[in-house]
Amino acid sequence: MTGSKIWLLAFVALLLVLPALVAGRISLSIFLFIGLYSLIVIGLTLLGGHAGQVSLGQAAFYGLGAYIAAISSLRWDVSPWLGLPMAALGAALIAYVMGLPIFFLRGHYLVLGTLGLNIVVDVVIRNVQHLTGGPTGLTGIPPLSFSGILISGDRAYYYLIWALVLVALWCGRNLIRSRVGRALAAIRSSEVAAATLGINPA
(Lines give C-alpha, C1' and ligand atoms only; values in the text may rest on other atoms or scores of the structure.)
Protein backbone atom coordinates (compact mmCIF):
# COMPACT_ATOMS: atom_id res chain seq x y z
CA MET A 1 0.00 0.00 0.00
CA THR A 2 1.40 3.37 -1.04
CA GLY A 3 1.94 6.26 1.33
CA SER A 4 -0.82 8.32 -0.29
CA LYS A 5 -3.36 5.53 0.27
CA ILE A 6 -2.31 5.22 3.91
CA TRP A 7 -2.81 8.95 4.41
CA LEU A 8 -6.20 8.75 2.70
CA LEU A 9 -7.35 5.87 4.91
CA ALA A 10 -6.12 7.72 7.99
CA PHE A 11 -8.01 10.83 6.90
CA VAL A 12 -11.23 8.87 6.33
CA ALA A 13 -10.83 7.14 9.70
CA LEU A 14 -10.38 10.52 11.38
CA LEU A 15 -13.53 11.83 9.69
CA LEU A 16 -15.49 8.82 10.95
CA VAL A 17 -14.44 9.18 14.60
CA LEU A 18 -14.22 12.98 14.77
CA PRO A 19 -17.83 13.52 15.97
CA ALA A 20 -17.15 11.25 18.95
CA LEU A 21 -13.80 12.92 19.67
CA VAL A 22 -15.20 16.47 19.77
CA ALA A 23 -18.51 15.64 21.44
CA GLY A 24 -19.19 18.15 24.21
CA ARG A 25 -16.04 20.13 23.41
CA ILE A 26 -16.46 21.77 20.01
CA SER A 27 -19.63 22.37 18.05
CA LEU A 28 -19.82 19.94 15.13
CA SER A 29 -21.27 22.73 13.00
CA ILE A 30 -17.72 24.15 12.73
CA PHE A 31 -16.66 21.03 10.84
CA LEU A 32 -19.79 21.27 8.70
CA PHE A 33 -18.68 24.69 7.49
CA ILE A 34 -15.11 23.45 7.01
CA GLY A 35 -16.51 20.75 4.72
CA LEU A 36 -18.69 23.20 2.81
CA TYR A 37 -15.82 25.61 2.28
CA SER A 38 -13.55 22.71 1.31
CA LEU A 39 -15.76 22.15 -1.73
CA ILE A 40 -15.03 25.72 -2.85
CA VAL A 41 -11.32 25.30 -2.14
CA ILE A 42 -11.13 22.17 -4.29
CA GLY A 43 -12.56 24.09 -7.24
CA LEU A 44 -10.25 27.04 -6.63
CA THR A 45 -7.25 24.71 -6.40
CA LEU A 46 -8.06 23.14 -9.76
CA LEU A 47 -8.61 26.51 -11.42
CA GLY A 48 -5.96 28.64 -9.75
CA GLY A 49 -3.36 26.08 -8.76
CA HIS A 50 -3.52 23.56 -11.60
CA ALA A 51 -4.72 25.74 -14.49
CA GLY A 52 -3.10 28.96 -13.26
CA GLN A 53 -6.23 31.05 -13.80
CA VAL A 54 -7.24 33.56 -11.11
CA SER A 55 -11.00 33.78 -10.66
CA LEU A 56 -13.14 35.50 -8.03
CA GLY A 57 -16.44 34.11 -9.29
CA GLN A 58 -16.66 30.84 -7.35
CA ALA A 59 -18.74 32.26 -4.51
CA ALA A 60 -21.41 33.47 -6.94
CA PHE A 61 -21.97 30.05 -8.49
CA TYR A 62 -21.68 28.30 -5.13
CA GLY A 63 -24.49 30.54 -3.90
CA LEU A 64 -26.52 30.03 -7.08
CA GLY A 65 -26.33 26.28 -6.59
CA ALA A 66 -27.57 26.64 -3.02
CA TYR A 67 -30.48 28.83 -4.10
CA ILE A 68 -31.43 26.49 -6.96
CA ALA A 69 -31.54 23.53 -4.56
CA ALA A 70 -33.55 25.49 -1.99
CA ILE A 71 -36.00 27.06 -4.46
CA SER A 72 -36.63 23.79 -6.29
CA SER A 73 -37.61 22.10 -3.01
CA LEU A 74 -39.42 25.02 -1.41
CA ARG A 75 -41.22 26.62 -4.34
CA TRP A 76 -41.54 23.79 -6.87
CA ASP A 77 -41.98 20.77 -4.53
CA VAL A 78 -39.02 18.95 -6.06
CA SER A 79 -37.41 16.21 -3.96
CA PRO A 80 -34.34 17.59 -2.16
CA TRP A 81 -32.31 14.66 -3.52
CA LEU A 82 -33.27 15.66 -7.06
CA GLY A 83 -32.65 19.30 -6.19
CA LEU A 84 -28.96 18.63 -5.49
CA PRO A 85 -28.01 17.49 -9.03
CA MET A 86 -30.35 20.16 -10.41
CA ALA A 87 -28.37 22.73 -8.43
CA ALA A 88 -25.04 21.49 -9.79
CA LEU A 89 -26.25 21.40 -13.39
CA GLY A 90 -28.11 24.70 -13.08
CA ALA A 91 -25.12 26.51 -11.59
CA ALA A 92 -22.83 25.03 -14.26
CA LEU A 93 -25.18 26.17 -17.04
CA ILE A 94 -25.49 29.68 -15.61
CA ALA A 95 -21.71 29.84 -15.14
CA TYR A 96 -21.21 28.86 -18.79
CA VAL A 97 -23.69 31.42 -20.11
CA MET A 98 -22.44 34.24 -17.87
CA GLY A 99 -18.85 33.29 -18.58
CA LEU A 100 -19.14 33.53 -22.36
CA PRO A 101 -18.37 37.28 -22.42
CA ILE A 102 -15.23 36.84 -20.28
CA PHE A 103 -13.85 33.60 -21.75
CA PHE A 104 -11.17 35.48 -23.68
CA LEU A 105 -10.06 37.78 -20.86
CA ARG A 106 -6.60 37.29 -19.40
CA GLY A 107 -4.70 38.36 -16.29
CA HIS A 108 -6.15 41.24 -14.31
CA TYR A 109 -9.04 41.57 -16.77
CA LEU A 110 -10.16 38.03 -15.93
CA VAL A 111 -10.00 38.80 -12.21
CA LEU A 112 -12.10 41.95 -12.65
CA GLY A 113 -14.56 40.15 -14.92
CA THR A 114 -15.18 37.34 -12.45
CA LEU A 115 -15.45 39.87 -9.62
CA GLY A 116 -18.11 41.63 -11.68
CA LEU A 117 -20.02 38.35 -11.98
CA ASN A 118 -20.01 38.08 -8.19
CA ILE A 119 -21.49 41.55 -7.86
CA VAL A 120 -24.16 40.90 -10.51
CA VAL A 121 -25.29 37.66 -8.87
CA ASP A 122 -25.37 39.29 -5.43
CA VAL A 123 -27.51 42.19 -6.69
CA VAL A 124 -29.94 39.85 -8.47
CA ILE A 125 -30.35 37.58 -5.44
CA ARG A 126 -30.99 40.53 -3.14
CA ASN A 127 -33.60 42.08 -5.42
CA VAL A 128 -35.58 39.07 -6.67
CA GLN A 129 -37.15 38.80 -3.23
CA HIS A 130 -40.28 36.92 -4.28
CA LEU A 131 -38.04 34.03 -5.35
CA THR A 132 -34.94 34.23 -3.17
CA GLY A 133 -36.24 35.89 -0.02
CA GLY A 134 -33.90 38.83 -0.57
CA PRO A 135 -31.30 39.68 2.10
CA THR A 136 -33.05 37.48 4.70
CA GLY A 137 -32.79 34.35 2.55
CA LEU A 138 -35.10 31.33 2.56
CA THR A 139 -36.55 29.42 5.51
CA GLY A 140 -38.57 26.24 5.84
CA ILE A 141 -36.51 24.23 3.36
CA PRO A 142 -37.55 20.54 3.54
CA PRO A 143 -34.92 18.30 5.18
CA LEU A 144 -33.35 15.36 3.39
CA SER A 145 -34.68 11.87 4.03
CA PHE A 146 -33.65 8.39 2.93
CA SER A 147 -36.10 5.46 2.78
CA GLY A 148 -38.41 7.34 5.11
CA ILE A 149 -35.60 8.07 7.57
CA LEU A 150 -35.18 11.79 8.19
CA ILE A 151 -31.64 13.10 7.88
CA SER A 152 -31.37 15.80 10.50
CA GLY A 153 -28.90 17.10 13.04
CA ASP A 154 -25.28 18.16 12.72
CA ARG A 155 -23.89 14.61 12.84
CA ALA A 156 -25.93 13.35 9.88
CA TYR A 157 -25.12 16.38 7.76
CA TYR A 158 -21.47 16.16 8.81
CA TYR A 159 -21.15 12.70 7.29
CA LEU A 160 -23.11 13.72 4.17
CA ILE A 161 -21.03 16.83 3.51
CA TRP A 162 -17.69 15.12 4.06
CA ALA A 163 -18.77 12.25 1.81
CA LEU A 164 -19.36 14.89 -0.89
CA VAL A 165 -15.92 16.37 -0.16
CA LEU A 166 -14.30 12.96 -0.68
CA VAL A 167 -16.20 12.53 -3.96
CA ALA A 168 -15.05 16.00 -5.06
CA LEU A 169 -11.44 15.12 -4.18
CA TRP A 170 -11.71 11.90 -6.18
CA CYS A 171 -13.16 13.76 -9.18
CA GLY A 172 -10.47 16.44 -8.95
CA ARG A 173 -7.71 13.83 -8.76
CA ASN A 174 -9.03 12.03 -11.83
CA LEU A 175 -9.42 15.33 -13.68
CA ILE A 176 -5.78 16.25 -13.03
CA ARG A 177 -4.64 12.87 -14.38
CA SER A 178 -6.87 13.07 -17.46
CA ARG A 179 -6.23 14.62 -20.86
CA VAL A 180 -8.15 17.71 -19.76
CA GLY A 181 -5.97 17.99 -16.67
CA ARG A 182 -2.80 17.84 -18.73
CA ALA A 183 -4.22 20.53 -21.02
CA LEU A 184 -4.94 22.75 -18.01
CA ALA A 185 -1.39 22.26 -16.75
CA ALA A 186 -0.07 23.25 -20.18
CA ILE A 187 -2.18 26.42 -20.11
CA ARG A 188 -0.73 27.28 -16.69
CA SER A 189 2.82 26.94 -18.02
CA SER A 190 2.23 28.99 -21.17
CA GLU A 191 -1.03 29.80 -22.92
CA VAL A 192 0.84 30.62 -26.13
CA ALA A 193 2.72 27.31 -26.11
CA ALA A 194 -0.50 25.46 -25.29
CA ALA A 195 -2.26 27.13 -28.21
CA THR A 196 0.50 26.03 -30.60
CA LEU A 197 -0.17 22.45 -29.50
CA GLY A 198 -3.83 22.77 -30.43
CA ILE A 199 -5.15 23.46 -26.92
CA ASN A 200 -7.82 26.15 -26.71
CA PRO A 201 -6.94 28.34 -23.68
CA ALA A 202 -10.49 29.76 -23.63
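The values are calculated or read from the model by the stated rules, or taken from the named source; none is laboratory data. Just so we're clear, the structure is a prediction, and the values are computed from it rather than from any experiment. So basically every Cβ, Gly included, is an ideal-geometry build from the backbone, and we count neighbours across all protein chains shown.
Suppose we filter L184, L164, L175 for residues that are in contact with a His (Cβ under 8 Å, 6 or more places away or on another chain), at pLDDT 75 or above and either of a type in the set (K, R) or surrounded by 13 or more Cβ atoms within 10 Å (Cβ to Cβ) (or both); which single one remains?
Exactly one residue qualifies, and that residue is L184.
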*Within the range 1-33, can you find the residues that are of a type in the set (V, I, T) and in a helix (DSSP H, G or I)?*
I6, V12, V17, V22, I30
*In the range 17-42, how many are in contact (Cβ under 8 Å) with a residue 24 or more places away in the chain and under 12 Å from the mean Cα position of the chain (by Cα)?*
5
*Residues satisfying the stated conditions in the range 120-137, i.e. within 25 Å of I102 (Cβ to Cβ) and outside any helix (DSSP H, G or I)*: V128
*Can you name the condition, by its number, that Y96 falls short on among (1) over 25 Å from L164 (Cβ atoms); (2) modelled with pLDDT under 90; (3) exposed (fewer than 13 other Cβ atoms within 10 Å of the Cβ)?*
(1)
*Output the qualifying pairs, or none if there are none: Cβ atoms under 9 angstrom, residues six or more apart or on different chains, first residue in the range 120-148 and among the charged types (D, E, K, R), second residue exposed (fewer than 12 other Cβ atoms within 10 Å of the Cβ).*
R126/P135
_the range 128-150: number of residues that are of a type in the set (S, T, N, Q) and surrounded by fewer than 11 Cβ atoms within 10 Å (Cβ to Cβ)_ = 3
*Would you check if there is a residue in the range 46-58 being of a type in the set (G, A, S) and either modelled with pLDDT of 85 or more or in contact with a Cys (Cβ under 8 Å, 6 or more places away or on another chain) (or both)?*
no
_Could you check the range 67-83 and list, in sequence order, the residues that are surrounded by fewer than 17 Cβ atoms within 10 Å (Cβ to Cβ) and either assigned to a helix (DSSP H, G or I) or within 9 Å of the chain's Cα centre (by Cα) (or both)?_
W81, L82
*Residue satisfying condition, being among the charged types (D, E, K, R) and modelled with pLDDT of 85 or more, within set D154, D122*: D122
*Take the residues in the range 91-110 that are more than 19 Å from the chain's Cα centre (by Cα) and part of a helix (DSSP H, G or I), then tell me which one is nearest to S55 (Cα to Cα).*
L110
